[in-house]
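The values are calculated or read from the model by the stated rules, or taken from the named source; none is laboratory data. These numbers come from a predicted model, not from an experiment. Cβ placement follows ideal geometry from the backbone for every residue including glycine, while neighbour counts extend to all protein chains displayed.
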Amino acid sequence: MINFHLEDIDIKIQQKVKLKSWLKSVIESEGFKLGDINYVFCSDDYLLKVNIEYLDHDYLTDIITFDNSEEEELIEGDIFISIDRVKDNAKTFEVSFEYELKRVLVHGVLHLCGYLDKTDEEEKLMRSKENNYLQLFAQ
């Protein structure tokens with residue numbers, strides 16, 4: 001089950017049912033089963049505190065993904081998303097807020113599926129996967 005939570009912001013997430021169905025199909029396309037995923041939408045300040053407390057990183061980020069899976073084939077986790085960063089990134093990349101939010105949503109799921117983005121090659125594969133799944137959402 002995919003759940004959306006608001007922490008310290010007030011935002012209306014559009015197309016919740018379609019988003020959840022799409023994310024489930026991404027997980028299944030990658031060969032996994034959906035367990036419980038909690039998306040927590042928050043501010044920069046909130047996510048910075050999470051980043052410092054749990055990862056010892058003192059910088060802003062758009063997403064932090066915690067993998068809670070205990071079984072290899074089951075995808076479970078908590079995904080924190082800074083709405084402030086998503087808005088700024090949408091402006092930077094000259095895309096809509098909704099498009100950038102979908103990119104970050106699927107980015108978190110791809111992390112839970114085992115994809116990394118630390119090296120140039122990993123990041124290239126991650127972007128390719130994101131773009132492929134973003135196209136599927138539009139259909």
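Summed over region 31-76, residues that are closer than 20 Å to ASP88 by Cα, touching an Asp or Glu at 6+ places or on another chain (Cβ under 6 Å), of a type outside the set (Ser, Thr, Tyr) and at pLDDT 95 or above total 3. The conditions of being surrounded by 14 or more Cβ atoms within 10 Å (Cβ to Cβ) and either more than 14 Å from the chain's Cα centre (by Cα) or closer than 20 Å to GLU7 by Cβ (or both) are not met by ASP56.
Residues of region 19-59 that are of a type in the set (A, V, I, L, M), assigned to a helix (DSSP H, G or I) and either out of contact with any Ser or Thr (no Cβ under 7 Å at 6 or more places or on another chain) or at positive phi (or both): LEU19, LEU23, VAL26, ILE27, LEU48, VAL50, ILE52, LEU55.
Going by what's in this entry, would TYR133 be described as without any contact (Cβ under 8 Å) to a residue 40 or more places away in the chain and surrounded by 12 or more Cβ atoms within 10 Å (Cβ to Cβ)? No, not satisfied. Number of residues in region 18-39 that are under 14 Å from VAL106 (Cα atoms), surrounded by 14 or more Cβ atoms within 10 Å (Cβ to Cβ) and under 15 Å from the mean Cα position of the chain (by Cα): the value is 12. Annotation: of all residues in region 75-119 being assigned to a loop (DSSP other than H, G, I, E, B) and among the hydrophobic types (A, V, I, L, M, F, W, C), the one that is nearest to ILE63 (Cα to Cα) is LEU116.
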